[in-house]
Every structure is written in C-alpha cells, then in structure tokens.
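The values are calculated or read from the model by the stated rules, or taken from the named source; none is laboratory data. Computed from a predicted model, the values in this text were never measured in an experiment. As a convention, Cβ positions derive from the backbone with ideal geometry for all residues, glycine included, and neighbour counts pool all protein chains shown. We work out accessible area using only protein heavy atoms, side chains counted, and drop any ligands, DNA or RNA first. Shrake-Rupley method; radii C 1.70, N 1.55, O 1.52, S 1.80 Å.
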Amino acid sequence: MTLRAMKARHARKIVRSDHLGESVTYHFAAGGTATFLAGVTRQLVEADSAGVPQVARLRATVSIPRHATAGVLAVVNGDQIELALELGGAATINRIVRKVEEDEGMIRVEVEQ
C-alpha cells in the first residue's frame, strides 16, 4: 500500500462520530448535496473589522475526507457546507472562505456564515 493510499484510507476511517466527527451536508455549486461525517473546529467569535467589535463573524474549520462517497473529491468556488457554527445552534448553510490545507486523504476548509 502506498503512503497516499494509506492517508486516504485513514482519513475516511478516523472521521467518525465517536472520534469527534459530526454530520455535515455539502452543497455543490454545480447542484446536489452530499451528507457525510467531518471534523469541525469552531473558532471563537472574532471582530469583523479592526476597531468594530460590535460586528462579529462565526467561523469554523472543517476537515473533509477526500472520497467520492464519504466526503468530496475537490472543493470549487461556490460550494457551501451546512452545519451549526455554534454548539447547540441551528444548522445554517455557510460559504467556504478558503482552503486551508489538503493532502491525499483530507481537505481542510474555513467556513463562515
């Protein structure tokens, strides 16, 4: 087994609900959705602009398995992810701000409402 194949297999197996994964719905810009388990790290509320503390944005980093059925194979402009940005909050559809990192097994993106 190659290192790339092992990373891809590991990414699909480790993101389970009992390993801090949670169900998210991925909305493709081209149409359609996919629901799968992803690792979500919610970030603290931060000011939208310097010197304007009254306006804040909720952000999260989402680790998505790179897989045809248990994740996505690629992230493109316009894709969105549906999840709760606050623990216990309602799920909302959030835009993908940027791709943070990726390898053969995982794509990590930052999302905000």
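Taking packing as the residue-averaged number of other Cβ atoms within 10 angstrom, the listed peptides 25-32, 66-73, 78-85 run from highest to lowest as 78-85, 66-73, 25-32.
The residues of region 70-111 expose on average 53 square angstrom of accessible surface per residue, using a 1.4 Å probe on protein heavy atoms. Dipole of region 57-113 computed with +1 at Lys/Arg Cβ and -1 at Asp/Glu Cβ about the Cα centre; of 78, 63, 107, farthest Cα towards the positive end is 78.
The share of accessible area on region 68-113 that comes from carbon and sulfur is 48 percent, using a 1.4 angstrom probe.
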